[in-house]
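The values are calculated or read from the model by the stated rules, or taken from the named source; none is laboratory data. Please read all numbers here as calculations on a predicted model, not as lab measurements. Cβ placement follows ideal geometry from the backbone for every residue including glycine, while neighbour counts extend to all protein chains displayed. These area figures cover heavy atoms from the full protein model, side chains too; ligands, DNA and RNA do not enter into them. Shrake-Rupley method; radii C 1.70, N 1.55, O 1.52, S 1.80 Å.
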Amino acid sequence: MNEIRYVSTRGAAPPSSLSDAIARGLASDGGLYVPDRLPGVDAATLEDLRGLPALARAVLHGFFEGDRLQSRIGEIADGALDLPAPTTAVEASADPLFVLELFHGPTAAFKDFGARFLAESMQRLRAPADPPLTILVATSGDTGGAVAAAFHRRPWVRIVILYPKGLVSPRQEQQLTCWGENVESLRVDGTFDDCQRLVKEAFVDPELSSKHHFSSANSINIGRLLPQMVYYVASSLEVRRRTGQAANFVIPAGNLGNGFAAVWARAIGMPIGRIVLAHNANRTVPDFLGNGQWRPRPSVPTLASAMDVGNPSNMERLRLLFPDLDQLRDAVVADSVDDEAIRERIRADYRRFGREWCPHTATAAEVYNRLPARERAGRPWVLVATAHPAKFNEVVEPLLGKSIEVPESLARLLRLPRRLTDVAPNLGSLAAAIE
Ligand SMILES: *Cc1c(COP(=O)(O)O)cnc(C)c1O
């Protein structure tokens, strides 16, 4: 087979190997890397494989064709993806309904899969003489904790997390600040947009960037997207074994990284039917699919805060795959729900199913509920549960009128002391903090 090259969505950067695309994150023309062809997989050859590492070996092999990491996918997958991601049936539902639980990793959100895969990959791309890296991560809540957990105690890298003061949940903040050693947590007196701007300014500052070797781990990195395909492979095969039908997914969506991974999983040949993107009040994508006008806008804060994105970056990848609006409308559907509907859905589904949703998962559950009854009847749907409700206990517990059991991995992090540095939203303040 020929090597797969990774090209920029904007078409003006030189094609690159997968390893270089992972190391760089963003292409030099500001676009996102995508493979120049999609390596198909025969789903029948996967039937006897169980567990994400085994499926990852089989499915990702083609994406690494010709790359220097190809022979090491097995080790990378063993180190990164040996996490439970069960597809559980909602027994109380009259229609066939399942939940893909992506919250059993160390920081209780799906970001763990991508962050851990990126860490294992980057570690294997390093030469002994390479200088230590500094990874700057701006986070609105979940990414920072997942990246910290994935890179903690790796001696070749230092992690600097920037998060907006007062704008993350208390338990998210604990997960951003409990690490120590090679992880530094900066509480920025500003918004998530300020954090992102500071990271960009640091990258282009000649003095800072020559002193530190900066790198990024944000969600546009192809090294985070590829492993996310693997749980859709596992889940769709499981649903087909149990129902004989293709699985349909409702996916909580912000930057569209998780949703896009499902689109790729279907494109390479997995038994996946409809893909529905569930947005909160940030309606850029549903509006675009409705009226064809792409109008990014500032994000508005909602209860499902990890999805507060007004300009979803992975839309570039989606539009390249489906350049025509009607093709895109065939490929994905999108809907938007407000905070009141999220609250009501958390209450209602606890009553009728006994299930506890985080606010993001509740967005998907609400969008599922708004599908026409004939689409739900007799067809298996899977709600993608992106975070554990205990991570958002201050929202969920008052709605359920009870406390939520905390998974042991999260409980352990909640017991650790916090360490953080306050910084003002300017480059001088950031520079002083990372000296
Ligand atoms: C990041 C995140 C999302 C949104 O995922 P995207 O890949 O950005 O669309 C949804 N739910 C939770 C809990 C998240 O952390």
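Descriptive notes on the structure:
- Accessible area per residue, Å², region 47-160 with all protein chains present, probe 1.4 Å: 34 Å²
- By the Cα gyration tensor, region 211-267 has an equivalent ellipsoid whose semi-axes, rounded to whole angstrom, run 30, 11, 7 from largest to smallest.
- Hz values of 3J(HN,Hα) by residue in region 82-89 - Karplus curve (6.51, -1.76, 1.60), Gly and Pro given as x: 7, 10, x, 9, x, 9, 9, 7
- Accessible carbon and sulfur surface of the chain relative to its total accessible area, %, 1.4 Å: 49 percent
- Rolling a 1.4 Å probe over the heavy atoms of the protein chains gives region 342-435 an accessible area of 43 Å² per residue.
- Cα-centre dipole for the chain with unit charges at Cβ (Lys and Arg positive, Asp and Glu negative), debye to 20: 380 debye
- Eligible lysines near Lys402 by straight Cα distance, threshold 25 Å, same-chain separation 8 or greater: Lys391
- Straight-distance candidates among the lysines for linking to Lys200, with alpha-carbon spacing under 23 Å and chain neighbours fewer than 8 residues away dropped: Lys111, Lys165, Lys211.
- Summarising the amide proton neighbourhood of Ala334: residues at separation of 5 or more, or on other chains, whose placed amide H is nearer than 5 Å comprise Leu277.
- Global geometry of region 207-302, whether rounded, prolate or oblate, following the gyration tensor of its Cα atoms and the 1.5 cut on a/c: oblate
- For region 252-370: rounded, prolate or oblate by the Cα gyration tensor [a/c cutoff 1.5]: oblate
- Stokes-Einstein translational diffusion, the chain - Kirkwood Rh over all Cα pairs, 0.692 mPa s, 37 °C, in µm²/s: 150 µm²/s
- Euclidean distance between Cα centres, region 1-76 to region 193-231, Å: 20 Å
- Database remark: amide H of Arg158 closer than 5 angstrom to the amide H of Leu133, Thr134, Ile135 (H placed geometrically; neighbours at sequence offset of 5 or more, or on other chains; Pro and chain starts carry no H).
- Separation of region 327-352 from region 247-261 is 13 Å, based on Cα centroids.
- Under 5 Å, built H, 5+ apart or other chain: amide partners of Asp205: none
- Phi-based couplings in Hz for region 349-358 (Karplus 6.51, -1.76, 1.60; Gly and Pro marked x): 6, 5, 5, 8, 10, x, 9, 9, 9, 6
- Under the Karplus curve 6.51 cos²θ - 1.76 cosθ + 1.60, θ = phi - 60°, whole-Hz ³J(HN,Hα) for region 137-142, x wherever Gly or Pro sits: 10, 8, 9, 9, x, 8
- Calculated on the alpha-carbon coordinates, the convex hull of region 328-422 measures out at 172 cubic angstrom per residue.
- Rounded, prolate or oblate (a/c below 1.5 giving rounded, otherwise prolate when a/b exceeds b/c) for region 172-223 by Cα gyration tensor: rounded
- Packing-based ranking, highest mean first, of 336-346, 392-402 given that Cβ atoms within 10 Å are counted: 336-346, 392-402
- Based on C-alpha pairs under 8 angstrom that are at least 6 apart in sequence, the chain has a relative contact order of 19 percent.
- Whole-percent P(r), region 1-135, all Cα pairs, 10 Å bins from 0: 11, 31, 36, 16, 5, 1.
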